[in-house]
Amino acid sequence: MIFDENYSNWKDWNHSNFGKTSLQDIKYFDAQINPLIKSLHNSRKRHDVRVLELGFGNGNFLNYCKTNNLSVTGVELNESLLKIAKSEKFDVIDFESFKKNNDNFDLIVAFDVLEHVPPNELEQLFVKLSNCLNKEGCIFFRFPNGDSPFGLVNQNGDITHVSSIGSFKISHLADVASLDVERVCPPAQPLIAGNYLITLHRLIFGPVKMFLNFLIKIIMFPDKKIYFFSTNLTATLRKKTKQNNR
């Protein structure tokens, strides 16, 4: 993977905007991640839930966890981002250290990371993540929608994207790592998104896309759960129960 200075500049990853969580970010994390966290701390205090973010990028989710009293550890390959995160007092480690680390976590998240992992390394990564997951914990991924041509705008939008991921590939990778796929679906799209144009677009075109997706599924994929009009997909995985283990 290419993480040189030109790439960081293109992504606008720098110290001045590191760890900034926008209102739109907050609305998204509240809708997408907070329900998972709530399900994990029903029987204990919120700050006892241990979170791992794989590929923390510019630190917006690290900061979301920090401001919401969550214990979070970040993992990154990009050395400049690691230095910035450490200077901002976030708990972070490099990927090589993570591979040797035996800590366990209740929630593991990876936003827009799987597409950066070479195909021949995906199974090994899933096994590692499964081994890091507490018994009742879960793993959350977001990635470009490999089930649809509309996912290509994200898949081909970055030179470091080397793997295309769809719902069936996720199922295989989960099985290899003794994980159950709890859900594969489009990302959460809170109606109040912190941006009036996005809110208006979701209000008007959200129902249209749902209807068109229903028609395409009936015509083309009657036996499959395909989200044709979503540019991204999310997947939630949990440890296989004993009765499901082979």
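The values are calculated or read from the model by the stated rules, or taken from the named source; none is laboratory data. None of the values given here were measured: they were computed from a predicted structure. FYI the Cβ positions are ideal-geometry reconstructions off the backbone, even for glycines, and counts take in every protein chain you see.
Quick one: which residue in Ile37, Ile93, Ile108 is closer than 30 Å to Asn195 by Cα, at pLDDT 95 or above and buried (at least 16 other Cβ atoms within 10 Å of the Cβ)? After ruling out the rest, the residue left standing is Ile108. Taking first residues from the range 175-194 that are within 25 Å of Lys240 (Cα to Cα) and partners that are acidic (Asp, Glu), the Cβ contacts under 6 Å between residues at least 6 apart in sequence or on separate chains come to Val176/Glu123.
Among the residues of the range 59-74, those that are outside any helix (DSSP H, G or I) and either under 14 Å from the mean Cα position of the chain (by Cα) or of a type in the set (A, V, I, L, M) (or both) comprise Gly59, Leu70, Val72, Gly74.
Looking only at residues in the range 179-193 that are at pLDDT 95 or above and either of a type in the set (A, V, I, L, M, F, W, C) or touching a Leu at 6+ places or on another chain (Cβ under 6 Å) (or both), which one is farthest from Asp30 (Cα to Cα)? Of everything passing the filter in the range 179-193, Leu179 is farthest from Asp30 (Cα to Cα). In this structure, is Leu233 buried (at least 16 other Cβ atoms within 10 Å of the Cβ), farther than 26 Å from Lys11 by Cβ and in contact (Cβ under 8 Å) with a residue 40 or more places away in the chain? It is false that Leu233 is buried (at least 16 other Cβ atoms within 10 Å of the Cβ), farther than 26 Å from Lys11 by Cβ and in contact (Cβ under 8 Å) with a residue 40 or more places away in the chain. Which residues, taken from the range 100-126, are more than 16 Å from Thr234 (Cβ to Cβ) and in a loop (DSSP other than H, G, I, E, B)? Those that are more than 16 Å from Thr234 (Cβ to Cβ) and in a loop (DSSP other than H, G, I, E, B): Asn101, Asn102, Asp103, Asn104, Val117, Pro118. Identify, from the list Asn78, Asn101, Asn68, the residue that is surrounded by fewer than 23 Cβ atoms within 10 Å (Cβ to Cβ) and closer than 24 Å to Asp158 by Cα. Among Asn78, Asn101, Asn68, only Asn78 is surrounded by fewer than 23 Cβ atoms within 10 Å (Cβ to Cβ) and closer than 24 Å to Asp158 by Cα. Limited to the range 92-123, what total is found for residues that are under 19 Å from His161 (Cβ atoms) and of a type outside the set (D, E, K, R)? Residues flagged as under 19 Å from His161 (Cβ atoms) and of a type outside the set (D, E, K, R) within the range 92-123 amount to 12.
The listed residues are Ile159, Ile170, Ile226, and the only one of them that is crowded, with 16+ Cβ neighbours inside 10 Å, touching a residue at least 24 places away in the same chain (Cβ under 8 Å) and closer than 19 Å to Asn120 by Cα turns out to be Ile170.
Is it the case that the range 115-123 has a residue that's closer than 10 Å to Gly74 by Cα and in contact with a strand residue (DSSP E or B) (Cβ under 9 Å, 6 or more places away or on another chain)?
No: zero hits.
Being out of contact with any Ser or Thr (no Cβ under 8 Å at 6 or more places or on another chain), in contact (Cβ under 8 Å) with a residue 24 or more places away in the chain and closer than 27 Å to Gln189 by Cβ, is that true of even one residue in the range 70-93? So far as the range 70-93 goes, yes, one or more of its residues are out of contact with any Ser or Thr (no Cβ under 8 Å at 6 or more places or on another chain), in contact (Cβ under 8 Å) with a residue 24 or more places away in the chain and closer than 27 Å to Gln189 by Cβ.
Here Phe90 fulfils each of the conditions (1) assigned to a helix (DSSP H, G or I); (2) over 26 Å from Thr241 (Cα atoms); (3) of a type outside the set (Ser, Thr, Tyr) apart from (1).
Residues to consider are Phe18, Phe105; find the one that is within 20 Å of Gly137 (Cα to Cα) and either of a type in the set (A, V, I, L, M, F, W, C) or over 18 Å from the mean Cα position of the chain (by Cα) (or both).
After applying the criteria, what remains is Phe105.
Across the range 176-231, the number of residues qualifying as among the hydrophobic types (A, V, I, L, M, F, W, C) and under 30 Å from Asn131 (Cβ atoms) comes to 7. When every residue of the range 196-212 is checked against the conditions, none turns out to be surrounded by 16 or more Cβ atoms within 10 Å (Cβ to Cβ), in contact with a helix residue (DSSP H, G or I) (Cβ under 6 Å, 6 or more places away or on another chain) and touching a residue at least 24 places away in the same chain (Cβ under 8 Å).
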